[in-house]
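Notes follow once the structure below has been shown.
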Amino acid sequence: MRKSIMAKILAATLSFTLVYGQVSAFALVGDNAVKVEAKKDVNETLHRKDASDKYKWDLTDFYENEESFNKDIKEIEDVLLPKLSSYKGKLDNAKTVKEYFDFDSEVSSKLIKAYRYASLQVKLDQTNAKAQELMGIAVNTWGKYSQAINFERPELLALPEKSQKALRDDKTLEGYHQYLDELIKSTEHILSEEEEKILSLASETMGTPNDVFDNVMYGDYKYPVIEDKDGNKIELNSVEYKKIMEGKDRELRKKAREAKLESYKNINNTLSATYLGEMKKNIFLAEARGYNSAQEASMSAESIPTEVYDNLVNSINENIKYLHKYYEIRKNYFGFDEMHGYDLSLPLVEDYKMEFTYEEAVDMITKALAPLGEQYVKDFKNGIDNRWVDVYRDDHKYTGAFSTGAYGMHPVVLMNFKNDLDSALTLAHEMGHALNTYYSNNNQNAYNAGYPIFTAEVASTANELLVMDYLIKNAKNDEEKLYLVNMQLQNIEGTMYTQTMFAEFEKTTHEMLESGEPVSAKKLNEIWLDLSKKYDGESVTIDELSSYNWARIPHFYMNFYVYKYSTSMSASFELVNNILANKEGAVDKYLEFLGAGGSEYPIETLKNAGVDMSSSAPIDNILKYYGDLLDQYEELLNKVKENK
């Protein structure tokens, strides 16, 4: 299907919480952990079936009943799609093209509404047979829609270049300028009809490396089993492994990490070949379409210059001293002669909990978002009060968190709220997405409302940064402040340093292959080991087994995706920093950014908001903030330790 309204809207309005949205704080204890008295538990989290309607979606906002849904589906299939198809062969003048785009907007918006209505019911109860049936109907109609409009892109691309540019620049099509400009720019990498057919025939094979990785890691892979000092067998699933890594028993931590890395070593040859297949696929497609590199081909999808990626990697390397200082502080605090990978998850704060009921979380977030202005806060509260959020867990409810929407409808947020800070931050994160969608839909036509992934995480991360800033500034005592500063350091470390290390590995390995250098399993392991030593610094002793740790990472099958986590956080910090510093026009520019959708290229959208992602300044600034937090962290650690 063409990259137009359906693809853009769906990419922008279904936002799953990933790296920064799920905050993980230290919870268990190490030998030298600072002991902090925890706040008393709040009431046990409600179950959805026991909650009042105000905590649940009102899907009648989409359709009053199934009959209304079926009526729309029938109209789409029997009336609207045939009319849409009737434009075939007529897209050669501005008047007709505008009529077509306007009508396509109406049809696709109605279809997405129906799709959302069905899919949201499935998310609420994944065993609901009726919901699955409605979903099947919507997906089937979607396929018919795709067939009905499959003439559009080839027809517009077949026009002479002069005619294409005339359409783009015609005032009649002003609201579709961006879509047409993207279409024109794509022609440079469109192949002949026969060549495109060959690539299309091969498309089903392109996902094979990712499929193999999934089958190995989520199918064939067996968790290693170890014994503790009492002879109890422990299967190292993610929960048990995390518990051990945060626990007091150093020998058990060492045994668990070595067993885990040995298990990756056992499948290293298979996963190395799989990743090599992924890289070769990326390079083949880039070369076939005339790109200079696989990196350029991937980033061109959102018109992001490769310099943005390179600036990130270079800036992180230039500011790696802050990460080294973090590890040095930890090593000194715990008194290790040597600090290994199995020591890095030890908590510095023991058993501290910040707990919030849903209402308390909403109240806290509302206060934290005050710097964004009265209108933003009003719209946030409007979403909460009007049941945009489905709050509590249910037996068969989707277990993650996401925000989604449909053009012409209000956005919705799915949560599985627990009475903790993680859930409060996730609520702030997802409502950031929701309000981004709300403002984009209210300010743009359907073609321009969808925003690219490059900017999608900015609005959500900005909300989290504001919440953390508010909590740190309003901490009740040094212990709570230490807990929060530690959490913020972890957030930034994981998003800025760890994800950029992944990005540097991906860039390095692709460039080696593109330059004709031999890349083997041994070479991949060596590259990862060198990166680990560079990023962790002298305070961390990197064991040889760590060289196999790269192979478990699914991000390497996402084709130069992970850098966006870091750039989004950098952009968010710059925007938030401008707002908190009361920089003139900062709030207005931010709200304009939220309403810009995909009406411009993402680099320009951010630049208009006050962030130049073509420079390294936003990255340097958040890393300087990380360094300032480290100074606070060290000071608080010493104060709390003295008062023990």
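The values are calculated or read from the model by the stated rules, or taken from the named source; none is laboratory data. Quick caveat: nothing in here was measured; it's all calculated off a predicted structure. Here the Cβ positions follow ideal geometry from the backbone for every residue, glycine too, while neighbour counts run over all protein chains shown. Surface areas here come from the heavy atoms of the whole protein model, side chains and all, with no ligands, DNA or RNA. Shrake-Rupley method; radii C 1.70, N 1.55, O 1.52, S 1.80 Å.
Assorted remarks:
- With respect to (1) more than 21 Å from the chain's Cα centre (by Cα); (2) of a type in the set (A, V, I, L, M, F, W, C); (3) open to solvent by less than 20 Å² (accessible area, probe 1.4 Å), the lone exception for ALA459 is condition (1).
- In the condition set (1) among the hydroxyl-bearing types (Ser, Thr, Tyr); (2) touching a helix residue (DSSP H, G or I) at 6+ places or on another chain (Cβ under 6 Å); (3) surrounded by fewer than 16 Cβ atoms within 10 Å (Cβ to Cβ), TYR590 is compliant with all but (3).
- GLU517, sole failed condition from (1) in a loop (DSSP other than H, G, I, E, B); (2) closer than 19 Å to PRO209 by Cα; (3) open to solvent by 20 Å² or more (accessible area, probe 1.4 Å): (2)
- Checking ASN292, ASN314, ASN319 one by one, the residue that is more than 29 Å from LEU261 (Cβ to Cβ) and in contact (Cβ under 8 Å) with a residue 60 or more places away in the chain is ASN314 and no other.
- Picking from residues in the range 178-204 that are modelled with pLDDT of 90 or more and within 28 Å of the chain's Cα centre (by Cα), the one that is most open to solvent (accessible area, probe 1.4 Å) is LYS185.
- Any hit, the range 629-641, residues being of a type in the set (A, V, I, L, M), open to solvent by less than 40 Å² (accessible area, probe 1.4 Å) and under 28 Å from ALA434 (Cβ atoms): no
- Scanning the range 548-590 for residues that are among the β-branched types (Val, Ile, Thr) and closer than 14 Å to ALA462 by Cβ yields THR567, VAL576, ILE579, VAL587.
- For LYS281, the criteria (1) of a type in the set (Lys, Arg); (2) surrounded by fewer than 19 Cβ atoms within 10 Å (Cβ to Cβ); (3) part of a helix (DSSP H, G or I) hold in every case but one, which is (2).
- Pair list, Cβ < 6 Å and 6+ apart or interchain, from the range 208-230 residues that are over 30 Å from LYS248 (Cα atoms) to residues that are open to solvent by less than 50 Å² (accessible area, probe 1.4 Å) and among the aromatic types (Phe, Trp, Tyr): ASN210/TYR557; PHE213/TYR557
- Taking the range 515-532 as the range and being under 28 Å from the mean Cα position of the chain (by Cα) and either over 29 Å from GLU296 (Cβ atoms) or acidic (Asp, Glu) (or both) as the test, only ASP530 passes.
- Residue within the range 27-34 that is loosely packed, with under 12 Cβ neighbours inside 10 Å, at pLDDT below 50, out of contact with any Cys (no Cβ under 9 Å at 6 or more places or on another chain) and not hydrophobic (A, V, I, L, M, F, W, C) present: yes
- Residue tally, condition of a type outside the set (A, V, I, L, M) and open to solvent by 50 Å² or more (accessible area, probe 1.4 Å), over the range 129-142: 4
- With respect to the conditions (1) touching a Pro at 6+ places or on another chain (Cβ under 9 Å); (2) touching a residue at least 60 places away in the same chain (Cβ under 8 Å); (3) more than 26 Å from GLU318 (Cα to Cα), ASN582 lacks only one, and its number is (2).
- Residue check for ILE267: under 30 Å from ARG153 (Cα atoms), touching a helix residue (DSSP H, G or I) at 6+ places or on another chain (Cβ under 7 Å) and aliphatic (A, V, I, L, M): no
- Set side by side, the residues LYS353, LYS378, LYS397, LYS367 differ, and just one is more than 13 Å from ALA434 (Cα to Cα), basic (Lys, Arg) and within 22 Å of the chain's Cα centre (by Cα), which is LYS397.
- Taking the numbered list (1) open to solvent by 10 Å² or more (accessible area, probe 1.4 Å); (2) touching a residue at least 12 places away in the same chain (Cβ under 8 Å); (3) not in a helix (DSSP H, G or I); (4) not aliphatic (A, V, I, L, M) in turn, TYR333 passes all entries but (3).
- Residue within the range 193-205 that is part of a loop (DSSP other than H, G, I, E, B) and not aromatic (Phe, Trp, Tyr) present: no
- Residue within the range 423-437 that is more than 24 Å from SER105 (Cα to Cα), out of contact with any Pro (no Cβ under 8 Å at 6 or more places or on another chain), of a type in the set (Asp, Glu) and open to solvent by 30 Å² or more (accessible area, probe 1.4 Å) present: no
- Filter result for the condition that a residue is in contact with a Lys or Arg (Cβ under 6 Å, 6 or more places away or on another chain) and either under 20 Å from ILE619 (Cβ atoms) or at pLDDT 95 or above (or both), over SER599, SER539: SER539
- Scanning the range 606-625 for residues that are open to solvent by less than 40 Å² (accessible area, probe 1.4 Å) and either touching a Leu at 6+ places or on another chain (Cβ under 7 Å) or of a type in the set (A, V, I, L, M) (or both) yields LEU606, ALA609, GLY610, VAL611, MET613, ILE619, ILE622, LEU623.
- Residue match in the range 312-331 (condition: under 27 Å from LYS185 (Cα atoms), touching a Ser or Thr at 6+ places or on another chain (Cβ under 8 Å) and modelled with pLDDT of 95 or more): yes
- Set side by side, the residues ILE553, ILE527, ILE603 differ, and just one is over 22 Å from MET468 (Cα atoms) and open to solvent by less than 10 Å² (accessible area, probe 1.4 Å), which is ILE553.
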